[in-house]
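Quick notes on the structure that follows.
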Amino acid sequence: MGIFKKAFLSLVIGVKVGFGLEYFILEEQYLFKDTKVYAKDVFKEASENFLLFEIPKNANVFQIKSSQLIEKFENVGIHIGAKSPIVTFKREVGGNTDGIKAHIAGLFFQQYQNNNIKIHSITLEQITATNFKEENIKTIDFSTQLLKRKEGTFNIVLKESEREKKVFFRYFIDATLEGIVLLKPLSGGESINYQNAKVVEIALDKISSALMSKSQLGEVAVRSYTPKDILITEDRLVKPRVVKKGDKILVDIKEEGVVLEFFLEAQKDGGIGDVIKAKDLENKKAYEVKIQSKGRGELL
């Protein structure tokens with residue numbers, strides 16, 4: 001459709017045009033509550049209100065040819081067009097979903113609190129055609145796997161009298177998260193800090209692994225070689241190595257109120273908090289040492 005035609009249609013929809021004629025455009029889908037559908041249920045601005053058709057009482061979805069509706073409107077002098085050859089009518093059902101949205105938002109906030117999540121909107125589309133009251137919701141089955149995706153399906157369980165009923169929904173969440181991206185390639189064991197990485201804001205889409213947070217900058221290192229512009233996830237991280245095999249570690253021990261310090265030789269690489277074996281250079285005896293900082297440890 002050309003630009004001129006689009007502009008023309010947008011100008012004439014729902015208003016009176018030349019010669020006193022009314023012109024409207026049928027949408028592809030409408031919601032209905034009552035089984036009888038009238039002209040003003042489709043076009044509120046229509047000058048006349050007349051019965052278009054009746055939907056069977058047990059039907060939640062009803063389809064009708066656009067040509068049938070066009071003919072009915074033409075018979076009373078109202079000119080209409082259609083966006084598609086078939087118009088679908090879906091029964092309008094549901095209840096107050098504010099509590100459900102708040103529950104889902106709380107789950108996302110809890111999951112991504114370290115990544116400063118910002119939720120812009122949560123949209124729910126009810127799949128199961130039934131009306132419900134919020135006070136009848138027994139549980140909301142929103143699995144942890146759904147917290148890794150911006151859209152998906154879940155259900156609530158209603159408790160009405162002695163019966164339970166599942167109502168299914170599709171959710172869409174518009175949210176952003178903070179992540180860490182490398183500014184340059186790093187070798188395995190190199191620390192990630194503000195000099196070689198930056199904080200970025202990303203859209204919540206599909207999260208395969210937990211994201212690194214900015215609070216970890218300077219506290220972790222990459223497990224293996226990692227190129228620049230990579231969004232860092234937890235599975236890529238290790239503790240930064242502050243001691244390498246063969247390094248001398250200064251340890252201290254208290255005996256009768258006196259602090260004694262001596263050096264041991266590290267038998268393996270280690271990061272802060274790691275417990276490694278370290279050997280006395282004179283008697284060759286091995287000890288367990290907890291790494292406290294670069295070159296220092298605590299004898300266990």
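The values are calculated or read from the model by the stated rules, or taken from the named source; none is laboratory data. These figures come from a predicted structure and were not determined experimentally. Cβ coordinates were reconstructed from backbone atoms using ideal geometry, including for glycine residues, and neighbour counts include every protein chain displayed. For accessibility, only protein heavy atoms count, side chains too; no ligands or nucleic acids. Shrake-Rupley method; radii C 1.70, N 1.55, O 1.52, S 1.80 Å.
General observations
- Restricting 201, 219 to residues that are modelled with pLDDT under 90 and of a type in the set (Asp, Glu) narrows the list to 219.
- Hey, residue 208 part of a loop (DSSP other than H, G, I, E, B), assigned by the TED database to the domain that holds residue 192, touching a residue at least 40 places away in the same chain (Cβ under 8 Å) and small (Gly, Ala, Ser) or not: yes
- Selection count where residues are surrounded by fewer than 13 Cβ atoms within 10 Å (Cβ to Cβ), closer than 15 Å to residue 131 by Cα and touching a Ser or Thr at 6+ places or on another chain (Cβ under 9 Å), scope segment 84-100: 0
- Checked against the criterion of being outside any loop (DSSP other than H, G, I, E, B) and out of contact with any Phe, Trp or Tyr (no Cβ under 7 Å at 6 or more places or on another chain), segment 31-38 contains one or more residues that satisfy it.
- Subset of segment 211-230 [surrounded by 14 or more Cβ atoms within 10 Å (Cβ to Cβ) and either assigned to a strand (DSSP E or B) or in contact with a Pro (Cβ under 7 Å, 6 or more places away or on another chain) (or both)]: 211, 220, 221, 222, 226
- Matching residues, segment 163-192, being open to solvent by 40 Å² or more (accessible area, probe 1.4 Å) and part of a loop (DSSP other than H, G, I, E, B): 183, 184, 185, 187, 190
- Taken as a whole, segment 125-147 holds no residue that is under 23 Å from residue 216 (Cβ atoms) and part of a strand (DSSP E or B).
- Residue within segment 161-176 that is within 21 Å of residue 228 (Cβ to Cβ) and in contact (Cβ under 8 Å) with a residue 60 or more places away in the chain present: no
- Lone unmet requirement of (1) surrounded by 12 or more Cβ atoms within 10 Å (Cβ to Cβ); (2) farther than 27 Å from residue 292 by Cβ; (3) touching a residue at least 24 places away in the same chain (Cβ under 8 Å) for residue 199: (3)
- Count - residues of segment 41-74 that are surrounded by 14 or more Cβ atoms within 10 Å (Cβ to Cβ) and over 37 Å from the mean Cα position of the chain (by Cα): 9
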